[in-house]
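See below for the structure under consideration.
The values are calculated or read from the model by the stated rules, or taken from the named source; none is laboratory data. Every value quoted in this text rests on a predicted model; they were computed, and no experiment measured them. Positions of Cβ are generated from backbone atoms using ideal geometry, with glycine treated the same way; all protein chains shown enter the neighbour counts. Areas reflect the complete protein model, heavy atoms only, side chains present, ligands, DNA and RNA absent. Shrake-Rupley method; radii C 1.70, N 1.55, O 1.52, S 1.80 Å.
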Amino acid sequence: MPEIHKTKMTVRAHFAIEHRRDLATAFVYEGVSFVLDLTEQKHAADALRRSESYLAQAQGLAHIGSWVWELPARNALYLSEEWYRVFGFDPQDGMPTWEQRLQRVHPEDRVRWQLTIDRAISEKSDYDVEFRILPPRSAARYIRSVGHPVLGPSGEVTQLMGITMDVTDSRQAEEERERLRRTQAELARMNRVSTLGELTASLAHEIKQPIGAAVTNAEVCVRLLDRSQPDTAEAREAALELAKDVRRAADIIDRVRSLFQKSSSELEAVDVNEVIEEMVVMLQNEANRHSVTIHTDLTGGLPQAMADRVQLQQVLMNLMLNGIEATQDASGELSVKSQLADDGQLLISVADTGVGLPAENVDKIFEAFFTTKPQGTGLGLAITRSIVKSHGGRIWATSNSGRGATFKFTLPRKLAAAA
């Protein structure tokens with residue numbers, strides 16, 4: 001029988017088992033065949049690749065790159081794809097050196113960046129720093145870097161690992177919000193200045209009449225006393241009227257001050273007809289200057305109203321002056337009427353033959369700063385409505401069948417207000 005020589009040989013082959021689509025490897029050693037099932041290893045490798053792909057995609061979406069440095073040389077051991085993209089390096093050129101990475105940091109931020117890292121290494125602590133980088137062919141970017149030290153067996157820092165985030169968009173959004181905040185603050189300041197100017201103009205508008213009347217009465221008083229035979233009785237009457245006008249101007253100023261101090265109105269029993277007659281006398285010169293005739297239709301025996309007398313004067317002054325200024329014809333008329341409304345409240349009407357109400361903005365005439373006058377403040381009617389509402393009444397306006405408009409407001413009578 002011929003001698004059979006055993007030969008050691010190894011033959012390897014990889015193949016797939018078709019019906020299971022699993023992977024196996026086979027080899028022959030000294031005539032013995034072996035088959036190993038590599039399915040689990042293959043699945044694990046596929047899962048690892050998918051995980052790495054998902055991580056890379058997530059880093060790209062969040063603009064977050066990861067890195068690992070070796071110490072003390074500070075050479076890069078690992079840099080993710082997104083890190084390369086953020087800093088503008090080409091992975092084909094290999095890992096950049098510490099000096100190359102340092103050159104990408106904005107010159108104004110390099111010292112602060114290095115000091116932060118040095119402190120983290122010496123204190124063996126985490127760090128969080130924000131700085132700017134200058135990628136090639138790109139504007140400066142804002143970067144936030146968070147690092148963590150890795151300690152060796154003897155407790156020394158051997159590595160730094162961490163993430164780098166591109167926060168340019170959020171930083172620019174923050175700067176934009178800050179610019180918006182500054183702009184809003186400036187607009188608020190300008191609005192306060194503008195409002196102060198409007199209030200000043202409105203105040204001047206209201207106290208102009210009593211001051212003008214005071215000047216007129218003072219001049220009359222002087223003329224009466226300068227006569228060869230001084231008319232002391234008439235001069236005394238003019239002086240009393242002068243004092244009344246000055247007190248009225250002072251009361252208006254006090255009411256404006258109390259408005260800002262949030263003090264309550266001084267309610268008292270007021271004869272509405274008496275206040276209307278006072279305002280007719282006070283505004284007579286203004287009406288004459290505009291060639292406007294003032295008529296009154298006051299119902300006698302009206303109950304008194306509970307009101308702040310000076311504020312009621314302000315309401316009538318605003319409405320009557322608006323009517324006078326709105327009347328541009330030489331034959332203009334202003335009518336003031338008082339009566340008892342159907343619901344028992346006092347009803348006061350101020351009608352003019354002027355230009356009428358703005359048809360397209362009739363619902364806005366009582367809003368603050370809305371005006372149809374070139375030099376108007378837009379506060380008169382808003383203040384008027386505020387005063388009437390604070391007294392428990394209401395105010396509205398209607399267009400006349402002919403020319404002009406009529407403003408009406410109500411006031412609670414004394415008994416109703418007390419109840």
Review point. If you take the residues of the range 238-276 that are modelled with pLDDT of 85 or more and in contact with a Leu (Cβ under 9 Å, 6 or more places away or on another chain), which of them is farthest from Thr296 (Cα to Cα)?
Key: Val270
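Is it the case, given these coordinates, that Glu286 is at pLDDT 85 or above and either assigned to a strand (DSSP E or B) or open to solvent by 10 Å² or more (accessible area, probe 1.4 Å) (or both)?
On the way: at pLDDT 85 or above: no; either assigned to a strand (DSSP E or B) or open to solvent by 10 Å² or more (accessible area, probe 1.4 Å) (or both): yes.
Considered against the rule, which asks whether it is at pLDDT 85 or above and either assigned to a strand (DSSP E or B) or open to solvent by 10 Å² or more (accessible area, probe 1.4 Å) (or both), Glu286 comes out as no.
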Exercise for review: State whether one or more residues within the range 201-212 are among the charged types (D, E, K, R), more than 33 Å from the chain's Cα centre (by Cα) and modelled with pLDDT of 80 or more.
Suggested key: no
Revision key, fill the gap. Here the residues within the range 289-315 that are over 21 Å from Ser390 (Cβ atoms), in a strand (DSSP E or B) and not charged (D, E, K, R) are Val292, Thr293, Ile294, His295, Thr296, Leu298
Practice item. Only residues in the range 125-140 that are of a type in the set (Asp, Glu) count as the first member; pair them with residues that are in a strand (DSSP E or B) and open to solvent by 20 Å² or more (accessible area, probe 1.4 Å), Cβ under 6 angstrom, at least 6 apart or cross-chain, and list the lot. Key: Asp126/His148; Asp128/Val146; Glu130/Arg144
Exercise for review: Scan the range 314-351 residue by residue and report those that are open to solvent by less than 10 Å² (accessible area, probe 1.4 Å) and either more than 44 Å from the chain's Cα centre (by Cα) or touching a residue at least 60 places away in the same chain (Cβ under 8 Å) (or both).
Suggested key: Val315, Met317, Asn318, Leu319, Leu321, Gly323, Thr327, Gly332, Val336, Ser338, Leu346, Ile348
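Residue-by-condition table, conditions (1) surrounded by 14 or more Cβ atoms within 10 Å (Cβ to Cβ); (2) at pLDDT below 90; (3) at positive phi:
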residue: Glu108; (1), (2), (3): no, no, no
residue: Ser122; (1), (2), (3): no, no, no
residue: Tyr127; (1), (2), (3): yes, no, no
residue: Ser138; (1), (2), (3): no, yes, no
residue: Pro149; (1), (2), (3): yes, no, no
